[in-house]
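Below is one structure, written out as structure tokens, with a few remarks after it.
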Amino acid sequence: MKHGVAAGALAPSPDWTIPQRWADYTAQEHATWHTLFTRQTRLLEGRACAAFRAGLARLPMTAERIPDFAALNAELKPRTGWQVVAVPGLIPDGVFFDHLANRRFPAGSFIRKADQIDYLEEPDVFHDVFGHVPMLMDPVTADFIAAYGEGGLRAQRLDVLKHLARVYWYTIEFGLVREDESFRIYGAGIASSATESVFALESDSPNRIAFDLERVMRTDYRIDDFQETYFVLDSLDDLLALARIDFAPVYERVRGAAALTPGDISADDKVFARGTGAHHHRRD
Ligand code: HBI
Ligand code: FE
């Protein structure tokens, strides 16, 4: 994972936050947000889980303008105690976890260029704000992400960050949840991607497997393409239990266990859909 700031950027403050400088966004940048927002809200009707849609509806987020973090916080903070703070991009793990543990969500304040509309590596304001902030309005998810921040600081000390990072990846970033007899999106990496929000739910290619903590802690993930496997919660309330579990004994069990590759299915999996793997075979 890349850490650091773009060449020429000022030295970061210790917590890496910067002013959002909302007034400095250009018309072109607001237009990029408009393109992304309108496309994605249309795609997520019937695809995002109810909590995501409710959170989005309650926030002062519209197609017209990149959101002003101060206005978002006026809704968010009284509801779940969370705030959005601006950062220049990826920040060091320890700083990231410290923010989360204190209910500050670090959001990239820049927006992707018009020629990166479908893909970029660093989390920008569309991924971080459109993708993550609606779920921070949900009390259960809000508690889970704060617990993840505390767990991250512990996992660094125990040298098991790799295992914990997989939990974040397969829940907060790429999680699906069962709702109304079908699968719905709650992960921000899916919710902020036009192509992946269709792929994750409708393609025959990926596996869809019931979420299991130890299983997920053992599973590598891809950062350069759609996921080969999505893990599905029975209910978002499962995150409540997950926020309370002491992971230390689980780390002891997974520490020595062999890693599973992103596409593997193991004998113990509760498989909802076995993928054809066609998408990734085509690429390889
Ligand atoms: N920084 N801004 C930002 N956003 C992230 O999602 C992020 C980060 N730094 C580290 C990080 N994620 C991950 O490496 C941890 O979740 C493990
Ligand atoms: Fe993210």
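The values are calculated or read from the model by the stated rules, or taken from the named source; none is laboratory data. All values derive from a computational prediction rather than experimental measurement. Positions of Cβ are generated from backbone atoms using ideal geometry, with glycine treated the same way; all protein chains shown enter the neighbour counts. Heavy atoms of the whole protein, side chains included, go into the accessibility calculation; ligands, DNA and RNA do not. Shrake-Rupley method; radii C 1.70, N 1.55, O 1.52, S 1.80 Å.
Out of 43, 120, I need the residue that is farther than 20 Å from residue 146 by Cα and either at pLDDT below 95 or buried (at least 20 other Cβ atoms within 10 Å of the Cβ) (or both). Which one? Give the steps one after another, and end with the answer.
Numbers: 43 fails: either at pLDDT below 95 or buried (at least 20 other Cβ atoms within 10 Å of the Cβ) (or both).
Testing whether each residue is farther than 20 Å from residue 146 by Cα and either at pLDDT below 95 or buried (at least 20 other Cβ atoms within 10 Å of the Cβ) (or both) leaves just 120.
Does residue 133 fit the bill of being within 16 Å of ligand 1 (Cβ to nearest atom), part of a helix (DSSP H, G or I) and touching a Pro at 6+ places or on another chain (Cβ under 7 Å)? It would help to see each step written out before you state the result.
Working: within 16 Å of ligand 1 (Cβ to nearest atom): yes; part of a helix (DSSP H, G or I): yes; touching a Pro at 6+ places or on another chain (Cβ under 7 Å): no.
No; evaluated as a whole, the condition is false for this residue.
Is there a residue in the stretch 69-86 that is in contact with an Asp or Glu (Cβ under 6 Å, 6 or more places away or on another chain) and crowded, with 16+ Cβ neighbours inside 10 Å?
no
Any chance the stretch 46-57 includes a residue that's within 18 Å of residue 17 (Cα to Cα), over 15 Å from the mean Cα position of the chain (by Cα) and open to solvent by 20 Å² or more (accessible area, probe 1.4 Å)? Break it down into steps so the answer makes sense when it comes.
Let us first name the residues in the stretch 46-57 that are within 18 Å of residue 17 (Cα to Cα), namely none.
No.
Please state which one of 180, 159, 225 is open to solvent by 20 Å² or more (accessible area, probe 1.4 Å) and either in contact (Cβ under 8 Å) with a residue 24 or more places away in the chain or in contact with a Ser or Thr (Cβ under 9 Å, 6 or more places away or on another chain) (or both).
Going through 180, 159, 225 in turn, just one is open to solvent by 20 Å² or more (accessible area, probe 1.4 Å) and either in contact (Cβ under 8 Å) with a residue 24 or more places away in the chain or in contact with a Ser or Thr (Cβ under 9 Å, 6 or more places away or on another chain) (or both): 225.
For the subset of the stretch 92-111 comprising residues that are surrounded by fewer than 22 Cβ atoms within 10 Å (Cβ to Cβ) and away from ligand 1 (no atom under 13 Å from the Cβ), which member is farthest from residue 172 (Cα to Cα)?
102
Among the residues of the stretch 197-209, which ones are open to solvent by 20 Å² or more (accessible area, probe 1.4 Å) and either among the polar types (S, T, N, Q) or in a strand (DSSP E or B) (or both)?
Of everything in the stretch 197-209, just one residue is open to solvent by 20 Å² or more (accessible area, probe 1.4 Å) and either among the polar types (S, T, N, Q) or in a strand (DSSP E or B) (or both), namely 203.
Take residue 201 and decide whether it is under 24 Å from residue 243 (Cβ atoms) and away from ligand 2 (no atom under 15 Å from the Cβ). Spell out the reasoning first.
On the way: under 24 Å from residue 243 (Cβ atoms): no; away from ligand 2 (no atom under 15 Å from the Cβ): yes.
No: the conditions fail for residue 201.
Take residue 108 and decide whether it is at pLDDT 95 or above and closer than 21 Å to residue 84 by Cα.
Working: at pLDDT 95 or above: yes; closer than 21 Å to residue 84 by Cα: yes.
Judged against the criteria, residue 108 is a match.
How many residues are under 22 Å from the mean Cα position of the chain (by Cα), open to solvent by 50 Å² or more (accessible area, probe 1.4 Å) and either more than 27 Å from residue 146 (Cα to Cα) or in contact (Cβ under 8 Å) with a residue 12 or more places away in the chain (or both) if we restrict to the stretch 235-258?
Total satisfying the criteria: 5.
Exactly one of these conditions fails for residue 156: (1) within 26 Å of residue 85 (Cα to Cα); (2) at pLDDT 95 or above. Give me its number.
Status for residue 156: all satisfied but (2).
Would you call residue 17 touching a helix residue (DSSP H, G or I) at 6+ places or on another chain (Cβ under 9 Å), without any contact (Cβ under 8 Å) to a residue 60 or more places away in the chain, on the phi < 0 side of the Ramachandran plot and among the β-branched types (Val, Ile, Thr)?
Taking the combined requirement at face value, the residue does not satisfy it.
Which residue, of 190, 185, is within 18 Å of residue 271 (Cα to Cα) and within 16 Å of ligand 2 (Cβ to nearest atom)?
Values: 190 fails: within 18 Å of residue 271 (Cα to Cα).
None of the others qualify; the one that does is 185.
Run down 145, 190, 185 and say which single residue is within 12 Å of ligand 1 (Cβ to nearest atom), in contact with a Phe, Trp or Tyr (Cβ under 8 Å, 6 or more places away or on another chain) and open to solvent by less than 10 Å² (accessible area, probe 1.4 Å). If you could, list the steps in order and put the result at the bottom.
Values: 190 fails: within 12 Å of ligand 1 (Cβ to nearest atom); 185 fails: within 12 Å of ligand 1 (Cβ to nearest atom).
Residue meeting the stated conditions: 145.
Scan (1) more than 27 Å from residue 181 (Cβ to Cβ); (2) assigned to a helix (DSSP H, G or I); (3) not hydroxyl-bearing (Ser, Thr, Tyr) for the single condition residue 242 breaks and write down its number.
Just one mismatch for residue 242, condition (1).
Among the residues of the stretch 148-176, write down those that are of a type in the set (A, V, I, L, M), assigned to a helix (DSSP H, G or I) and under 15 Å from the mean Cα position of the chain (by Cα). Steps first, please.
Our first condition is that a residue be of a type in the set (A, V, I, L, M); within the stretch 148-176, this holds for 153, 155, 158, 160-161, 164-165, 167, 172, 176.
The next check asks that each one be assigned to a helix (DSSP H, G or I); those that pass are 153, 155, 158, 161, 164-165, 167, 172.
Those that are of a type in the set (A, V, I, L, M), assigned to a helix (DSSP H, G or I) and under 15 Å from the mean Cα position of the chain (by Cα): 164, 165, 167, 172.
The conditions are (1) within 24 Å of residue 213 (Cβ to Cβ); (2) of a type in the set (D, E, K, R); (3) open to solvent by less than 20 Å² (accessible area, probe 1.4 Å), and residue 150 fails exactly one of them. Which is it?
With (1) within 24 Å of residue 213 (Cβ to Cβ); (2) of a type in the set (D, E, K, R); (3) open to solvent by less than 20 Å² (accessible area, probe 1.4 Å) applied to residue 150, the lone miss is (3).
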